[in-house]
Amino acid sequence: MSTQSGAYTPKNILLTGAAGFIASHVTNRLIKNYPNYKIVALDKLDYCSSLKNLLPSHSSPNFKFVKGDIASADLVNYLLIAEDIDTIMHFAAQTHVDNSFGNSFEFTNNNIYGTHVLLEACKVTRRIKRFIHVSTDEVYGETDIETDIGNPEASQLLPTNPYSATKAGAEMLVMAYHRSYGLPTITTRGNNVYGPNQFPEKLIPKFILLAMKGEQLPIHGDGSNVRSYLYCEDVAEAFDVVLHKGVTGHVYNIGTQKERSVLDVAEDVCKIFGLDAKEKIKFVHDRPFNDKRYFLDDQKLKKLGWDERTPWEEGLKMTMEWYTKNPHWWGDVSGALHPHPSTPVIGISHDNLCFLQCGYETGRNDDTGGGSGGASGLKFLIYGRTGWIGGLLGGLCKDGGIEFEYGRGRLQDRSSILEDIRRVKPTHVFNAAGVTGRPNVDWCESHKVETIGTNVVGTLTLADVCKEQGLLLMNFATGCIFEYDGEHLEGSGIGFKEEDKPNFTGSFYSKTKAMVEELLRDYENVCTLRVRMPISSDLSNPRNFITKISRYNKVVNIPNSMTVLDELLPVSIEMAKRNCRGIWNFTNPGVVSHNDILEMYRDYIDPEFKWVNFDLEEQAKVIVAPRSNNELDASKLQNEFPGLLSIKDSIIKYVFEPNKKT
Ligand SMILES: NC(=O)c1ccc[n+]([C@@H]2O[C@H](COP(=O)([O-])OP(=O)(O)OC[C@H]3O[C@@H](n4cnc5c(N)ncnc54)[C@H](O)[C@@H]3O)[C@@H](O)[C@H]2O)c1
């Protein structure tokens, strides 16, 4: 077995699980302190992660984010080669012990199989000079409450719960790849970590968020279990030390000798919030198995020069201040704050929801198996079964293993919606139902009552019932409520923002949509997605904007914002998962004109294709209601999903390339 000591300087680091808690602190530290290192941050953006955790690094030239799964061998092999990776810091894992008592296969898939894929990629590509595997103190199993001697690194691994068993399993593979193939590995086993960016299913942020709301803090069992806690910045420093000074082939505990019981933690949280602990602490039944204590020997890492810096009181105060300043960092996490959260949002197959950052494809071996809807914890109730968007959404859910049912009730009928909700028990409701008019919006001019019934009364009723039932409503709305004006001139690149008030009510359809959007602003449980001139890869669909204009006798030629459904509908599912709320311009960035699209149509589909333009005045003679033309500013959506393609690139990628005939 080879070992390598002395100072190590990495060049290009692949950091897995980077949008999670600990790894985000490590990433942000390395990016700041070592501008010469390139960090490729890989994360599948599971329920417990947030790109916001990486905001301090986002604009750094030495930082790159890739959304993807470590279990995708193709992706990992590609990244190692394309990014010339020489170092891996492997944090990605399913980490919540409570969840592992439920769906433990997800833990095996991510923690063992995922690690195996990484190791195999190292073996095949033969370029890794240092592989830091992040494990946990829990692999040692329970420490005797009487002993003063912490587990040294040479102790036997005796995990007691499914989470720690998968972490120990992954460690075994790491050891084997070190022995069999000489992979230069280092393993760390850490005590509990706390601080900003931690998903609130974990003890300390959960207690803080509950205390912020003045609610009771639930303690599993009698609260006598003890844990050792380290502040996240100290742990990030520990990884800095291991990266540069660790000896390959070795294991390092990252620990502290200071211990506190769960009850102590709850009392300390009550204290900093000025709450009466006796009143606020409640004892609930324990989880299936709960180790009494994990006690580490922390000397080996200290010999490399690391020590804990942040006293508990100071760390807890900084954590409390951060959560108080950022109460909505995680969106609606009420489910995670339950004493025993029962429906963890894990296990969604991202293959079909894949939202790709930086243009990387996330491949996944078929045999890794995607989560079933049940496993994902998601269940959608979708209105608009016979509509275009509603139909596509159902297909995406099917492909992505998300459970869903279509609503049977009529939107205007409160009791029928309630019945749907009772029957389906959804986690989220999608509204893709609405009157848009057939063959076009002119129909609404002569069917005003029907239009009001669905678009106004129906949508508001649905939003109201969802509010009453504590459900997030993803509402497909329209961006056709704006028209270019003096402050948003055509071609200026200045688009309408989410906060702008609608300025186009030329058609009755737009009028109803604008009114409803205004009224929905007061519903905090609604996410309004302003879709515009939807486009899809199905060129036979008469609703497709490309199909429409390629069949018209004459077309105007005006740049507009548009929505490529093949790219953006998966994003809407991801937004539901992230609990996005409020108004969103739901279009691809930039504008595209009718002629731009028809030129692409000619180049990709039919070289003989010809068309004739006419101006707005002439167009007005053949339509009943005026149409809106505008640019929407898509930067809010782009900030949330940095890999969003511009409208032209998206049309080429999703529509014309797959349909190419020339
Ligand atoms: N938090 C602690 O107290 C603690 C203590 C000791 C060890 N650890 C270990 O440290 C590591 C990080 O823990 P954390 O608390 O920051 O976890 P976390 O749950 O906050 O983050 C885990 C991250 O991994 C990502 N991820 C999960 N499966 C993935 C996959 N298959 N492909 C790509 N990304 C994936 C998630 O999206 C998430 O961003 C884990 O390996 C954990 O076992 C944590």
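The values are calculated or read from the model by the stated rules, or taken from the named source; none is laboratory data. If you're wondering where the values come from, they're calculated on a predicted model, not measured in any experiment. Glycine gets a Cβ as well: all are built from the backbone with ideal geometry, and neighbour counts include every protein chain shown.
Results, tabulated for the structure shown:
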{"read-out": "Test result for Glu517, surrounded by 12 or more Cβ atoms within 10 Å (Cβ to Cβ), outside any strand (DSSP E or B), touching a Phe, Trp or Tyr at 6+ places or on another chain (Cβ under 7 Å) and not polar (S, T, N, Q)", "value": "no"}
{"read-out": "Single residue of the range 88-125 satisfying the filter (more than 20 Å from the chain's Cα centre (by Cα) and among the hydroxyl-bearing types (Ser, Thr, Tyr)) that is farthest from the ligand (Cβ to nearest atom)", "value": "Thr125"}
{"read-out": "Residues being in contact with a strand residue (DSSP E or B) (Cβ under 6 Å, 6 or more places away or on another chain), of a type in the set (Phe, Trp, Tyr) and part of a loop (DSSP other than H, G, I, E, B) - total across the range 486-509", "value": "0"}
{"read-out": "Number of positions in the range 608-650 that are assigned to a loop (DSSP other than H, G, I, E, B) and in contact (Cβ under 8 Å) with a residue 24 or more places away in the chain", "value": "21"}
{"read-out": "Filter pass, Ser507 being in contact (Cβ under 8 Å) with a residue 24 or more places away in the chain and out of contact with any Leu (no Cβ under 8 Å at 6 or more places or on another chain)", "value": "yes"}
{"read-out": "Residue within the range 311-325 that is touching a Leu at 6+ places or on another chain (Cβ under 8 Å) and outside any helix (DSSP H, G or I) present", "value": "no"}
{"read-out": "Residues being within 11 Å of the ligand (Cβ to nearest atom) and either within 17 Å of Val269 (Cβ to Cβ) or surrounded by fewer than 20 Cβ atoms within 10 Å (Cβ to Cβ) (or both) - total across the range 178-198", "value": "5"}
{"read-out": "Of all residues in the range 32-67 being under 16 Å from Leu79 (Cα atoms) and either of a type in the set (Lys, Arg) or in a helix (DSSP H, G or I) (or both), the one that is nearest to the ligand (Cβ to nearest atom)", "value": "Lys44"}
{"read-out": "Checklist (1) within 28 Å of the chain's Cα centre (by Cα); (2) of a type in the set (Phe, Trp, Tyr); (3) more than 16 Å from the ligand (Cβ to nearest atom) applied to Phe207, failing item", "value": "(3)"}
{"read-out": "Residue match in the range 128-141 (condition: within 12 Å of the ligand (Cβ to nearest atom) and among the acidic types (Asp, Glu))", "value": "yes"}
{"read-out": "For Arg530: the one exception among (1) under 31 Å from the mean Cα position of the chain (by Cα); (2) part of a loop (DSSP other than H, G, I, E, B)", "value": "(2)"}
{"read-out": "Residue among Gly249, Gly223, Gly255, Gly274 that alone is in the same structural domain as Ile149 (by TED's automatic domain parsing) and on the phi > 0 side of the Ramachandran plot", "value": "Gly249"}
